[in-house]
Structure formats: C-alpha cells, structure tokens
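Inspection log for the structure reproduced underneath, given as structure tokens.
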Amino acid sequence: MDVTPAVLGAVFALAFGLIATMRRLKKFRGRYRCFAYAEATVGILAVFSGSMAALGRFHPWWPYLVAAGLAIIPITVLLGRLAWEWRRRRIVGRYYQNFYPDGALKDGMTFTQAVSTAIKQYGRISASNIPLLSFPSLKQTYETVASNGSWLSFEEFKTECLLGLSFDEDKSFREKAALLIFADPSDVAECREWFVRQALLLKLFRAAEGGDLAEIIRLMWKEKSFNAAIRQDCFLDAFYRLVKGKDKAVALALCQKLLEQHGTDTTKTAAVSGTTTTNADADVDATWINREMPKFKAKCGNVEPSRLCTEDELKLDTWYVPGDATECELCGYRCSKETPIWRTTWYGWRKRAPRARSHCEVCNLNAIRPVSSIIPPPPPPPTTEDAASPPSSQAGPSTAGPSGNQCVVDMPEPNTTEITE
C-alpha cells in the first residue's frame, strides 16, 4: 500500500486550513467579521475531512486522532494570532493613555501629547480600542484646531466631521467618531448625541424604501442635518430610487412637502423646522428647492400624491428607540430595543449572541459595553474623616522628576492605523 499519496493529501488539507486562518486580522473585526470566521471554520473542517479521506483506509480509528491533531494546528494558529494582535493593541493603547496623563491641552503640543491628553480627558475608551481609532482624522483635526491648545466646540466638531464628506461616504463619517476625544468636555455629550443621530439617519437612508425613505428625507431637511450639499444629494438619490421603484406617488408627495415647508420665506422655514439654522442656510435651501422642485414634480407625471405624515410627526423615534442596557464606549450609541430596519432577518441570530453584539452600529468599533461599566455611579459624599485629613495625604503619587518638573519624552508615534501580524 502506497503511503506517499495519503501523506501528501493530509499535508495539502493542512495547507488549505492554514491559508484560511492566515487572512488579514482586519477581516476578523468589524461588521462583516462573521464571513472571515465562517471561512476559517470551513478551512478547519476541510483539514479534518481531507485528512480522514487520505488516511482512513489504513486503520479503523487512529486516522481520527491524526485528523483531529492536524485540525487543531490551524485553530491554534488563528487563536494565537488574535491574542497576539489584541496584546499589541493593548500595549499601544496603554502607551497613549500613560504618555502624557496629567497634562492639559496646550499650544505647541506634539500630536502624541495631544492625543494622550485627549484620551485621558475623554476617559471612556479601553486601551485595546485606542489603536482602532481613525488616526488620519485625528491628525487632520490636530493640525487645524487642536494644535492651538483649544478643544473643539460643538460647531467646530460638526465642521470637522462634515469636512470633505459626501452623502455616499458613510464609512468615512463613522470614522470621524474618533474626533469626540478632542471635543470640549462641556460640549462632548451634545457632540455624541449629534454624531449618533447623523450616523443613524445615514443608515436609515440606505435601508429605507417607499414612504419610510420619503419621511427620512423630510426629517433630514427638518433638522437641517449634515449640510446643504449632502441634503440635496440625499434627496436626488432618494427621488430616483422612488421613481425606479414605481413609487412616483411617494416621490411627488415628497417634492410637494419640501416645497411647501422649506421653499417659502426663510423665517417661516426656520420657525417650522424648530432648529437654530442661520438665515444663510435657510436661503440656500429655499433657493435650491424653489428652483429644482418644479422640475422633479414634472418628472412624476400625472399621479395622485401619497399621504405623508405631518411635520410634527417626523421623529427619529419612529425607526429607532435607544435601549438602556448597553452603550458604545466611544460614541455613546445604545442598541435599539427593537430590531432596526437596516438589519434584516439574516442578522437575527445576533440578538442572542452577546459577543456578536459588541460591534457598534455607528462607529464600527467592538466597544458595546454595559452602561454601568461605562458610566459609573457618582462617588459617595466624603466622610468626616476624609474632610478632616490634610490634602497631602489624599494626593496621589507624584509624576514629577527630581527637579519637580514634569518628565515628558516625546516618543515616535507608532503606526496604529492597522495593527496586523
């Protein structure tokens, strides 16, 4: 009996399994990481079944042991690579956490010092998630605003998030969640709420159809979401999707509602929308709507417009109701109490898999945690003994050098855009 073909068959099966488990580690993170894990599982099963097919004719039972041993090799390789990558991310994250922990954002800081100070100030991100932040976005914001030693105000945060953004770049917008660490501490809660709301509107815009799509476009215009250019592009995309989907009646109703509510004088538009938009923004919206809406109404033909909800009924709560059990440690997104419309039944298994739900739908980090672990309860009031003790006994260990000055050595910045093997 020739042993060589059987051994070669087992070796080829093992090689196939190792190739499946040696994919880039980036594939095992994010929204579609289930496909990478499924491919690795298929590769491991191929190792076992291929080894059994090659060696099964030699003995009734020992080929099972050999096949199981060969299948353990790619499993060990994959788990080892994932553990090593997590360890490296944690080391890099702790480096940024401890590089300049006691400083304040000041003019003339290096990028590493500014990021370390911002991370310490934000205080919500675990060390293993820090390297997954979008460092190119942080670098750009640092060069334009943070290098002057000032935190981002709410308006500056919105400007930086929308800088160079188009309506079909929702991935680029989600990466801007990293800018929350540079937000002013007094405005950071408002910045988180605004960012999550805009990201959810983009996801709803991608997934909705028919009447829901028209209502979401109206909600964007009512709240003056994003900027005028993005709102106009979203309307154009939604209009042609409605017309292509044989929903001309809904498209006509959308045109009429926008013309009625946002195409009149700017004072009425701002009052109806309930937002704090400037007259310049209202002028841009009104001018564009008055010029373009009649053309789009004509493209709908002779149809009876559908009935859409009133202006007061336009609320994000119609599609998304935040829960109170888990929250993203970076952007503050809370998983919906009900299945969102952008998640089909194919994702239903995720509702029963706690680790699978650790992925944030907004910023794409695996940062969903229990609310109690992110927002700790307020500290208890100081006791009489604590109040009577001298301040020196309550102070923590000093980080100053022998001369009393803060010891800061600016180390070279690691390449943290992608931590791979």
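Filter the stretch 305-323 down to residues that are within 19 Å of D247 (Cα to Cα) and exposed (fewer than 12 other Cβ atoms within 10 Å of the Cβ), then give me how many there are. It would help to see each step written out before you state the result.
If we filter the stretch 305-323 for residues that are within 19 Å of D247 (Cα to Cα), which is where we start, we get 305-309.
From the residues that got through so far, the ones that are exposed (fewer than 12 other Cβ atoms within 10 Å of the Cβ) too are 307.
Total meeting the criteria: 1.
Name the single residue, out of those in the stretch 125-166 being in contact with a Gly (Cβ under 7 Å, 6 or more places away or on another chain) and hydrophobic (A, V, I, L, M, F, W, C), that is surrounded by the fewest Cβ atoms within 10 Å (Cβ to Cβ).
Top of the filtered list is A127.
Among the listed residues Y64, Y100, Y122, which satisfies the condition of being surrounded by 15 or more Cβ atoms within 10 Å (Cβ to Cβ) and in contact with a Pro (Cβ under 9 Å, 6 or more places away or on another chain)?
Y122
Every residue, every condition in (1) under 16 Å from D317 (Cα atoms); (2) of a type in the set (S, T, Y); (3) in contact (Cβ under 8 Å) with a residue 60 or more places away in the chain, yes or no:
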| site | (1), (2), (3) |
| --- | --- |
| E160 | no, no, no |
| D187 | no, no, no |
| R192 | no, no, yes |
| Q198 | yes, no, no |
| R218 | yes, no, yes |
| R231 | no, no, no |
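Just to check your reading of the model, which residue among F157, F167 is part of a loop (DSSP other than H, G, I, E, B) and of a type in the set (F, W, Y)?
Going through F157, F167 in turn, just one is part of a loop (DSSP other than H, G, I, E, B) and of a type in the set (F, W, Y): F167.
Scan the stretch 168-194 for residues that are surrounded by fewer than 21 Cβ atoms within 10 Å (Cβ to Cβ) and under 11 Å from F226 (Cα atoms) and report the count.
Summing the residues that are surrounded by fewer than 21 Cβ atoms within 10 Å (Cβ to Cβ) and under 11 Å from F226 (Cα atoms) in the stretch 168-194 gives 1.
Taking the stretch 103-118 only, how many residues are surrounded by fewer than 22 Cβ atoms within 10 Å (Cβ to Cβ) and aliphatic (A, V, I, L, M)?
Summing the residues that are surrounded by fewer than 22 Cβ atoms within 10 Å (Cβ to Cβ) and aliphatic (A, V, I, L, M) in the stretch 103-118 gives 2.
So, in the stretch 247-261, exactly how many residues are crowded, with 22+ Cβ neighbours inside 10 Å and of a type in the set (G, A, S)?
Counting residues in the stretch 247-261 that are crowded, with 22+ Cβ neighbours inside 10 Å and of a type in the set (G, A, S) gives 2.
FYI, it's all coordinate maths here, none of it is from the lab. Everything numeric in this text was worked out from a predicted model, so none of it was measured. Because the Cβ atoms are built from the backbone with ideal geometry, glycine has one as well, and the counts that use them run over all protein chains shown.
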